[in-house]
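Notes follow once the structure below has been shown.
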Amino acid sequence: MQPIHTVHDFFLRSGAQLRLFHMGRRVTPFGLDTLAAFENGTLPWPQPWRSQARMACVFTLGDSPEPIIWFLAMPLDEQGHLMPAPRDAFVQRLLETLGRIVERQNQAEDGAAENLMEGNPLSFEPSLPFRAMLHARATRAFDRPASQHLELVEAYLQGQQDEAHWQALGLQGMADYVIRQDTEQSRQLADRLDALPSDVVRTLCYCLEHEPLDESLVIALRARGEAAAQHGDVETLCACVRAVGTSVSDTTLKWYDALLADTHASGPDLLAAMAARGWEHLEDAERLPRFLQRLAEHPGADFLALVRDLALIPRLRLPVLMSLREAPADSAIGQRLAALHQA
């Protein structure tokens, strides 16, 4: 048996049926080849979050009936590459119990695999929306049924359920709906979005932000977000901004540009929402400097943290650094940078 030096090696040698998911900026699948390239140092992590490569490893071993889930957060260096020492310690811990985990094909084995994460410094607890979206994606990937909450959510969102009972809708049902909806359901949701309670819209947005959306739904989310802004509902506005961030859409780009052009609209919460879920739209020669300018203008915004976070994203690193270097000394960006140097 060849030696095991990485997490990639472990899954390759174990024969596990594996699905990997990003758990940092969005819950999206990725391949074992991405993990291999990241661990051997040839690839910076594509979706860094808080200087970590956050992932979920969902797998079965042998005849195990239920998937095992490991949540791993591997530390990154300043260029988004793996810091190997914590990973190496985790792999060593794996090797110490590998024989027991691989050889025993029963419930005790499952417990051993899961208990391996207890007290593990690389493990983390995802937020509830991220857990719900992971469960929705994993059940579909492993050809398992959706949660029992899906039927109620479908009935409600299609107008077949008493609207007074919306509090009974479960987050998991919302996540399952988003992952399994077809084009017709998406358009039905767009038609109903304006009539839904704000709590329902926000919960939906926490799930929609992980999926590319039909254009009709993007348009409806912009309309709902703008209506929320007019009523001072910043939370719903930001939720809608995050929800459209995954979608490559002219509507999304025009909305982002309009928000960045409005000094009153582009507050710290909104800018954080754009950076968290709509970072791909910032890869633009005009939009990125405008975003950084707005960020620098707000004393309540954590300028340094957000800039560092964006600079870890491989495709944004150079554009962010160039925008900072080219900012005039008397601009808000220049003044922020000067203050940081003096601190």
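Only the coordinates and a few stated rules stand behind these numbers; no lab work does. Here the structure is a predicted model, which is why all the values come from computation and not from measurement. Quick reminder, even Gly has a Cβ in these numbers, built from the backbone with ideal geometry, and neighbours come from all protein chains shown.
Measuring from label point to label point, each 7 Å out along Cα→Cβ, what is the residue 2 to residue 280 span in nm?
3.2
So for region 114-225, what are the equivalent ellipsoid semi-axes in whole Å, largest first, each being the square root of 5 times an eigenvalue of the Cα gyration tensor?
Semi-axis lengths for region 114-225 are 27, 15, 14 Å.
Where does the charge balance sit around residue 151 when Lys and Arg score +1, Asp and Glu -1, over other residues with C-beta under 14 Å from its C-beta?
Result for the local shell: -1.
Might you report the magnitude of the Cβ-based charge dipole of the chain about its Cα centre, with Lys and Arg at +1 and Asp and Glu at -1, to the nearest 20 debye?
It comes to approximately 680 debye.
Under DSSP H, which helices of the chain have Cα atoms covering 20 Å or more of the helix axis and a Kyte-Doolittle average no less than 1.6?
The qualifying helices: there are none.
Rounded to two decimals, what is Rg over Rh for region 1-81 when you use alpha-carbon atoms and the Kirkwood radius?
Rg divided by Rh gives 0.98.
To two decimal places, what compactness ratio does the chain give when its Cα radius of gyration is scaled by 2.2 N^0.38 Å?
1.08
Just add up the charged neighbours of residue 4: K/R +1, D/E -1, any other residue whose Cβ is under 14 Å from the Cβ of residue 4.
-1
Taking neighbour Cβ counts within 10 Å as the exposure measure, how do 193, 295, 321, 43 sort from fewest upward?
Lowest count first: 321, 43, 193, 295.
Counting each DSSP H run of 4 or more residues in the chain as -39500 (n - 2.57), what helix-only mean residue ellipticity at 222 nm follows after dividing by all residues, to the nearest 500 deg cm²/dmol?
Roughly -17000 deg cm²/dmol at 222 nm, from the helical runs in the chain.
Within region 295-316, find all residues whose amide N lies under 19 Å from a label point positioned 7 Å from the Cα of residue 338 along Cα-to-beta-carbon.
From region 295-316, the list is 295-300, 303-304.
Lys/Arg Cβ at +1, Asp/Glu Cβ at -1, dipole of the chain taken about the Cα centre: which of 321, 218, 246 is farthest positive-ward?
So the residue furthest toward the plus end is 321.
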